[in-house]
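The structure under discussion appears below in the form of structure tokens.
The values are calculated or read from the model by the stated rules, or taken from the named source; none is laboratory data. Just so you know, these numbers come straight off a predicted model, no measurement behind them. Glycine also receives a Cβ, built like all others from the backbone with ideal geometry; neighbour counts cover every protein chain displayed. These area figures cover heavy atoms from the full protein model, side chains too; ligands, DNA and RNA do not enter into them. Shrake-Rupley method; radii C 1.70, N 1.55, O 1.52, S 1.80 Å.
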Amino acid sequence: RAREGGTYRVSVSLSQSAMLLQRQGLTDGFEDAPGRLEAAEFERYAVADDGTAYGDLKSLGPVIRMSETAPRWAGTTPRLGSSRPEWRPR
């Protein structure tokens, strides 16, 4: 994108993200689920979010890396219920 311009559309699946967390053993009842990442592989993709309303968090970050555009979040993890349910203006 940095060289040629343009835009990219990325589709993600909340369901698949939840299933990955289950396979990692981060929720109860999924200790034997197939497809579990080894600890070193999880650390390779982990993203730290320190000082959130819930303390310091570590989660699985983007597994796709772009050479010129680093993934980022615009803010930290908010406390549940801290924002009004509304569409953001375009």
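Can you tell me which residues in segment 1-25 are outside any loop (DSSP other than H, G, I, E, B) and open to solvent by 80 Å² or more (accessible area, probe 1.4 Å)?
Selection gives 14, 16.
Residues in segment 39-90 that are modelled with pLDDT of 80 or more, of a type in the set (Gly, Ala, Ser) and closer than 22 Å to residue 13 by Cβ: how many?
2
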